[in-house]
Amino acid sequence: MNKKLAEIALVTGASRGIGAATAKQLAEQGFVVCVNFHKKKDTAEQVVADIEAQGGRAFAVQADISKEDDVLALFGSIDKRGLPLTRLVNNAGILFTQSKLVDMSADRINKVLMANVTGSLLCAREAVKRMSFSCGGKGGAMVNVSSGASRTGSPNEYIDYAASKGAIDSFTIGLSKEVASEGIRVNGVRPGLIYTDIHADGGEPDRVARLTPRIPLQRGGTPEDVAAAICFLLSDEASYITGSIIDATGGI
Ligand code: NAD
């Protein structure tokens, strides 16, 4: 455990997978971690308990980040802690069953874009309001979790999801330039094939194993592999890095 910091790091969608691993690593670095969750209160509370058992500090807050009112309430509950928010990880994301575009409904496409794009933009907006020098903040850093899908386009699986991650890449670059003079660094991480439950949501729980032969490093990634890249970009060691997107893909 590093020295304790009197600063809050918010990780969206942190009740499982990459978000949970990132929350734990940030707590190890001394941040007070806000573990945002959508529906899984029990697992979010378990993440908090795991952090506390290691001597860290964390609290769980429910919010559907695709809803503006929920995002405002999430940041409002962080404000009440009386500590500055200096780190944001826009991790929450969804995808639906693998399919071709011709079979996708407008409802599905809108849900993906609302959660992955609108939700991340809203959280970034609220974080910028709190971190910016011109708003009285002390600066900070954010990482947007994109996907290797933004480069491949995910044909025959979920091009709606891939398009949402392309938007994440674009807004990472744009926002990094917009808020650099405000003391805020904005970077992205593109995970590749990582062992999490998101693949079951896509209808293929064993997708990582099927595609492992295509990965140059010859293994699927772990949530901890991705969390390490996120935490590096959030750390002071990355103080001269902004507008960059790291591929955590095992070489794909
Ligand atoms: P996951 O499904 O375990 O985690 C996603 C989390 O986001 C879940 O906890 C979910 O509840 C939360 N979430 C979804 N919609 C939300 C909403 N509206 N409000 C609040 N929380 C919401 O999957 P994961 O693999 O850990 O995914 C984390 C991020 O990594 C996602 O952005 C995903 O697109 C990205 N990613 C994952 C992989 C992979 O192979 N696992 C690859 C590339 C990118």
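The values are calculated or read from the model by the stated rules, or taken from the named source; none is laboratory data. Just so it is clear, the model here is predicted, and its values are computed rather than measured. Methodologically, a virtual Cβ is constructed for each residue, glycine included, from the backbone with ideal geometry; neighbour enumeration extends over all protein chains shown.
Of all residues in the stretch 170-199, those satisfying the criterion of being over 18 Å from Gly148 (Cα atoms), part of a helix (DSSP H, G or I) and either within 10 Å of the ligand (Cβ to nearest atom) or of a type outside the set (Gly, Ala, Ser) (or both) are Leu175, Lys177, Glu178, Val179, Glu182. Checked against (1) more than 27 Å from Ile246 (Cα to Cα); (2) more than 14 Å from the ligand (Cβ to nearest atom), Gln62 meets all criteria but (2). May I ask you to list the residues in the stretch 12-38 that are among the β-branched types (Val, Ile, Thr) and farther than 20 Å from Glu237 by Cα? Of everything in the stretch 12-38, those that are among the β-branched types (Val, Ile, Thr) and farther than 20 Å from Glu237 by Cα turn out to be Thr12, Ile18, Val35. Just so you know, in the stretch 73-101 the residues that are within 14 Å of the chain's Cα centre (by Cα) and small (Gly, Ala, Ser) include one that is nearest to Lys24 (Cα to Cα), and it is Ala92.
Of all residues in the stretch 66-96, exactly one satisfies the criterion of being surrounded by fewer than 19 Cβ atoms within 10 Å (Cβ to Cβ), touching a Phe, Trp or Tyr at 6+ places or on another chain (Cβ under 8 Å) and more than 18 Å from Ala167 (Cα to Cα), namely Arg81. The condition of being small (Gly, Ala, Ser), modelled with pLDDT of 95 or more, more than 19 Å from the chain's Cα centre (by Cα) and farther than 22 Å from Lys138 by Cβ holds for only one of Ala14, Ala21, Ala44, Ala53, that being Ala53. Look at the stretch 92-120: where a residue is more than 18 Å from Asn36 (Cα to Cα) and a partner is crowded, with 18+ Cβ neighbours inside 10 Å and modelled with pLDDT under 95, sitting 6+ places away or on another chain with Cβ atoms under 8 Å, you get Leu95/Gly202; Phe96/Gly202; Thr97/Gly202; Gln98/Gly202.
Checked against the criterion of being within 9 Å of the ligand (Cβ to nearest atom) and farther than 14 Å from Leu234 by Cβ, the candidates Ala92, Ala6, Ala73, Ala106 yield just one match: Ala92.
Restricting attention to the stretch 113-147, the residues that are crowded, with 20+ Cβ neighbours inside 10 Å and within 10 Å of the ligand (Cβ to nearest atom) add up to 9. Scanning the stretch 51-65 for residues that are at negative phi and surrounded by fewer than 16 Cβ atoms within 10 Å (Cβ to Cβ) yields Glu52, Ala53, Gln54. Ala49 falls short on exactly one of the conditions (1) outside any loop (DSSP other than H, G, I, E, B); (2) away from the ligand (no atom under 16 Å from the Cβ); (3) under 20 Å from Asp236 (Cα atoms), and that condition is (3).
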